[in-house]
1. Would you grab the residues whose amide H sits under 5 Å from the one on S76? Only those 5+ places off in sequence or on another chain, please, with H modelled 1.01 Å from N.
2. Please list the non-local residues whose amide H lies under 5 Å from the amide H of R11, H modeled 1.01 Å from N, same-chain partners needing a gap of 5 or more.
3. Okay, helix-only estimate at 222 nm for the chain: each DSSP H run of n ≥ 4 adds -39500 (n - 2.57), divide by all residues, round to 500 deg cm²/dmol; what do you get?
4. Tell me the Kirkwood radius of the chain: reciprocal of the mean inverse pair distance over distinct alpha-carbon atoms, in Å.
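Every number in this text was worked out from the coordinates using simple rules, so none of it is lab data. The structure presented is a predicted model; accordingly, all values stated were derived computationally and were not measured.
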Amino acid sequence: MRQLVYISSVRKPAEVDPAVILAQSRRNNARARVTGLLFFDGKRFLQALEGDDATVDATFARIQADGRHHALVVLSNRSIEQREFGEWAMAYQAPGEDGGDPLERIGRLTANADPAVRATFAGFAKVRRAA
Ligand SMILES: Cc1cc2nc3c(=O)[nH]c(=O)nc-3n(C[C@H](O)[C@H](O)[C@H](O)COP(=O)(O)O)c2cc1C
């Protein structure tokens, strides 16, 4: 099983509806048994994807070709023994939405993740809060 984490930048913020990305991801990921976390702050995406190797490859190939974002950088790509993000498909958070503090919410969603992955998400949410 594989876990891949990448960061990217939204191309045209006004033309990207996170709800559409979320709906597509939920549907496809549930079918493909891909789990993970998508964090979007209006400018940048940070996403973890996990599942069978071939499935993660195929999903990431589609995501990479998506014109809604660019400048993708893979932060980690490793083999895992078991899922770290549980069975749900995807979560999305823009600061100020969902009522909660992004940092606190990210902390909860990455509770079972590897410390390095957890720190990556926490750092991202923290920078966003300070910005
Ligand atoms: C930042 C970002 C994250 C995405 N994450 C996923 C994902 O986790 N799973 C997925 O199937 N599609 C994801 N997509 C959408 C894919 O790029 C692609 O549009 C979609 O998979 C096409 O699915 P469809 O043929 O069912 O419409 C993401 C797109 C963006 C811009």
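1. Sorted by chain and number, the residues that satisfy this are V5.
2. When sequence neighbours closer than 5 places are left aside, the close amide H contacts are H69, H70.
3. So the calculated ellipticity at 222 nm is -12500 deg cm²/dmol.
4. 14.7 Å is the Kirkwood radius here.
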